[in-house]
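Down below is the structure, laid out as structure tokens.
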Protein chains: 2
Amino acid sequence: MSTPAGYDPRAYEPVAVTVDIVALTIRDGELHVLLVERGEEPFLKRLALPGGFVRTSRNARGGIRGETPDEAAARELAEETGLVPGSPRLRRVHLEQLATFGAPRRDPRMRVFSVAYLAFAADLPDPVAGGDAASAGWVPLDKVRRLAFDHNEILAYGLERARAKLEYTPLATSFVGPEFTISELRAVYAAVWGKDPHAGNFHRKVLSTPGFVVDAGAMTQRGGARGGPRSRLYRAGRATLLHPALLRPADAPARGRSR
Amino acid sequence: MSTPAGYDPRAYEPVAVTVDIVALTIRDGELHVLLVERGEEPFLKRLALPGGFVRTSRNARGGIRGETPDEAAARELAEETGLVPGSPRLRRVHLEQLATFGAPRRDPRMRVFSVAYLAFAADLPDPVAGGDAASAGWVPLDKVRRLAFDHNEILAYGLERARAKLEYTPLATSFVGPEFTISELRAVYAAVWGKDPHAGNFHRKVLSTPGFVVDAGAMTQRGGARGGPRSRLYRAGRATLLHPALLRPADAPARGRSR
DNA sequence: AGAATAGTGTCTTTCAGACACTATTTG
DNA sequence: CAAATAGTGTCTGAAAGACACTATTCT
């Protein structure tokens with residue numbers, strides 16, 4: 001009933017599929033998002049989420065070839081951050097599909113469906129400008145203004161997903177280096193949730209959640225910058241879901257306390 | 001860098017975007033999924049998830065018109081269930097986006113991205129065959145065999161989402177009629193989780209979760225078919241998130257208890 | 001009568017969160 | 001020394017889950 005007869009897509013309005021990435025990192029205790037300045041119309045010079053088309057082609061025998069959306073997102077992220085695909089730093093980045101945005105007029109030129117992705121990264125170097133994105137950089141969340149297309153909406157959706165994921169997955173470890181202290185981990189929660197969890201309770205809770213972190217067997221070389229004892233170092237554990245979860249404080253944004 | 005130059009999509013391999021729907025309902029205490037028999041190649045006569053193309057067109061002035069993916073999913077669901085769009089029964093159906101599946105060769109004919117949706121419905125009538133789907137019907141989950149395309153994967157993804165959503169949202173009420181007993185609600189959890197929660201604890205828990213259900217002020221006319229007192233009737237409350245959540249029993253499928 | 005079910009009471013264990021406190025390190 | 005921080009101890013209240021029990025209604 002709704003199948004284009006004979007599958008001749010040229011008889012139909014052409015559509016395109018892109019990926020857009022909400023890449024988050026933490027710098028100086030603040031959540032930052034990777035944005036690029038657009039180098040062309042529409043929204044020329046406006047900031048936008050990094051992204052691009054999902055590539056498709058055919059081989060000599062007419063077989064379909066191309067990227068999965070996941071692969072396209074990983075490629076775009078590598079391009080925009082200037083990191084080498086498959087490099088250790090990129091491999092520690094968590095990348096997951098968020099949702100697909102497909103309002104008919106979200107791009108004025110043609111029908112474009114955007115598969116949005118969410119990425120969690122430890123502090124990455126400032127990207128070098130290149131390609132058709134005039135420039136790219138990490139922008140603190142509270143400095144984000146009007147973005148191109150529907151990217152504000154996509155960003156908001158990604159933020160809420162990120163906040164929720166910290167509760168029941170160990171993904172906070174994707175925001176810190178391979179070895180980290182409990183305090184560094186707590187700083188991740190503070191930055192993403194906008195509220196610092198109680199230090200003592202947080203400490204005990206992280207250590208009592210099986211598979212969250214494992215002791216790296218070493219201590220920091222120095223105490224905190226403003227005093228305090230040295231602290232133990234940990235590595236990410238093998239758990240993929242936290243049990244019990246680390247619940248957001250009730251007054252943090254969008255805990256969803258019913259009514 | 002990855003923008004097709006000049007945005008002439010005809011210079012590029014054409015792509016299509018469809019919606020596919022994992023529509024779930026409960027019949028006789030068992031979870032069922034809506035499937036259609038394909039009326040054409042590929043996968044002729046194979047069962048598949050209902051779905052179809054997201055429609056796009058242009059108006060007289062060249063402006064882009066068309067459906068959002070949400071609208072396309074709602075339309076397809078109406079078509080395949082044989083219900084009137086906007087009818088009260090359809091309006092009680094919960095419909096949400098699941099994920100987008102876009103492996104390059106998931107459809108042998110051309111590059112097709114499928115935006116998958118999840119639908120929760122109270123017991124709906126058997127759909128009448130019509131359109132190009134040779135037939136459609138509700139199939140018990142344990143009778144589902146190999147589906148067309150990657151629809152087994154999409155179905156599995158939808159099931160896991162459904163199980164998780166029952167925990168922290170009141171969506172179980174979408175599976176029952178407008179007025180229901182606590183036992184009927186418990187039967188929803190039993191069917192979706194594959195394990196019947198403890199009746200007494202479930203009862204107390206549902207009533208103590210704010211906004212989950214509200215008293216409808218009436219009782220059933222008869223007790224249970226095999227005896228037992230009459231029970232109180234409830235309606236869905238206004239909560240969108242349950243707090244506290246109804247946790248799945250630890251031995252239920254995929255609780256993800258971390259090691 | 002006997003079986004099944006609705007709904008309540010109670011106890012134990014687990015966990016979240018508040019608070020206090022000690023030990024260690026920096027400036 | 002004063003301030004800051006790591007890490008632990010302890011208490012309270014909320015909630016999950018097990019179990020028992022009463023009352024009601026069906027065959």
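Just so it is clear, none of the values below were taken in a lab; they were calculated from the coordinates. Being a predicted model, the structure only gives us computed values, none of them experimental. Every residue, glycine among them, receives a Cβ derived from its backbone with ideal geometry; neighbour counts consider all protein chains shown.
Provide the percentage of antiparallel DSSP beta bridges, counting only those with both residues in chain A; round to the nearest 5.
Expressed as a percentage, antiparallel bridges in chain A total about 75.
On a C-alpha basis, how far is the centre of segment B:17-37 from the centre of segment A:13-53 in Å? Whole number, if you could?
Taking the Cα centre of each part, segment B:17-37 and segment A:13-53 sit 36 Å apart.
Partner chain Cβ atoms within 10 Å, averaged over the residues of A:106-114 - can you pull that number for me?
The per-residue average across the peptide is 4.
Could you please state, rounded to a whole Å, how far the C-alpha centre of segment A:177-194 is from the C-alpha centre of segment B:55-103?
42
How many percent of the alpha carbon pairs in the protein assembly as shown exceed a separation of 32 Å?
For the protein assembly as shown, the fraction of Cα-Cα distances above 32 Å is 50 percent.
Viscosity 1.306 mPa s, temperature 10 °C: Stokes-Einstein D of segment B:123-205 from its Kirkwood Cα radius, in µm² per second?
106
With label points built 7 Å along Cα→Cβ from the Cα atoms of A:Arg146 and A:Asn59, find their separation and express it in nm.
4.8
Nearest 10 degrees, 0 to 90: what angle lies between the long axis of helix A:199-208 and the longest principal axis of chain A (Cα atoms)?
That works out to roughly 70 degrees.
Considering only A:Leu241, A:Leu118, A:Leu155, give the residue with the highest GNM mean-square fluctuation for chain A, with springs between Cα atoms whenever their separation is below 10 Å.
So, out of A:Leu241, A:Leu118, A:Leu155, the one fluctuating most is A:Leu241.
Taking neighbour counts of Cβ atoms within 10 Å as a proxy for exposure, in what order, fewest first, do B:His94, B:His32 appear?
Neighbour counts put them in this order, fewest first: B:His94, B:His32.
Please report, for A:Ala60, the nm distances (one decimal) from its label point, 7 Å out from Cα along the beta-carbon direction, to the equivalent points in the remaining copies, shortest first.
Ordered by increasing distance: 5.2 nm.
Where does chain B land at 222 nm, in deg cm²/dmol rounded to the nearest 500, when only DSSP H runs of n ≥ 4 count, each adding -39500 (n - 2.57), divided by all residues?
-6500 deg cm²/dmol
Among the DSSP beta bridges whose two residues both lie in the protein assembly as shown, what percent are antiparallel, rounded to the nearest 5?
Beta bridges within the protein assembly as shown, antiparallel portion: roughly 75 percent.
Place the label 7 angstrom along Cα→C-beta at A:Asp28 and in each other copy, then list the distances from the first to the rest in nm, shortest first.
Result, one decimal in nm: 6.7.
In the structure displayed, which of A:Lys45/A:Lys195; A:Lys165/A:Lys195; B:Lys165/B:Lys205; A:Lys45/A:Lys143 lie more than 26 Å apart, Cα to Cα?
A:Lys45/A:Lys195
Output the 0 to 90 degree angle, nearest 10, between the alpha-carbon long axis of helix B:182-193 and the longest principal axis computed from the alpha carbons of chain B.
On a 0 to 90 degree scale, this one is about 50.
Give me a single rounded figure for A:49-58: the average over its residues of other chain Cβ atoms within 10 Å of their Cβ.
4
Helix A:151-168 versus the longest principal axis of chain A: what is the Cα-based angle in degrees, 0 to 90, to the nearest 10?
It works out to around 40 degrees.
Please identify the trypsin sites (Lys or Arg not before Pro) of segment A:53-129 that satisfy two criteria: DSSP loop assignment and at most 15 other Cβ atoms within 10 Å. Which are they?
Those that pass, being in a loop and sparsely packed, are A:Arg61, A:Arg105, A:Arg109.
Would you compute the Debye intensity of segment A:29-97 from its alpha-carbon atoms alone, equal scatterers and no solvent, and pass along log10 I(q)/I(0) at q = 0.25, 0.28 Å⁻¹ to two decimals?
So the normalised log intensities are -1.16, -1.23.
To one decimal in nm, how far is A:Glu96 from the same spot in the other copies, if labels go 7 Å from Cα toward Cβ? Please give the shortest first.
From this label point to the equivalent ones elsewhere in the assembly: 1.4 nm.
Below 9 angstrom from the Cβ of B:Asp215, what's the summed charge of the other residues (Lys, Arg +1; Asp, Glu -1)?
Net charge in that neighbourhood comes out at +2.
Closest beta-carbon to the A-to-B rotation axis: which chain A residue owns it, and what is the separation in whole Å?
Minimum Cβ distance to the axis, with residue: A:Thr100, 2.
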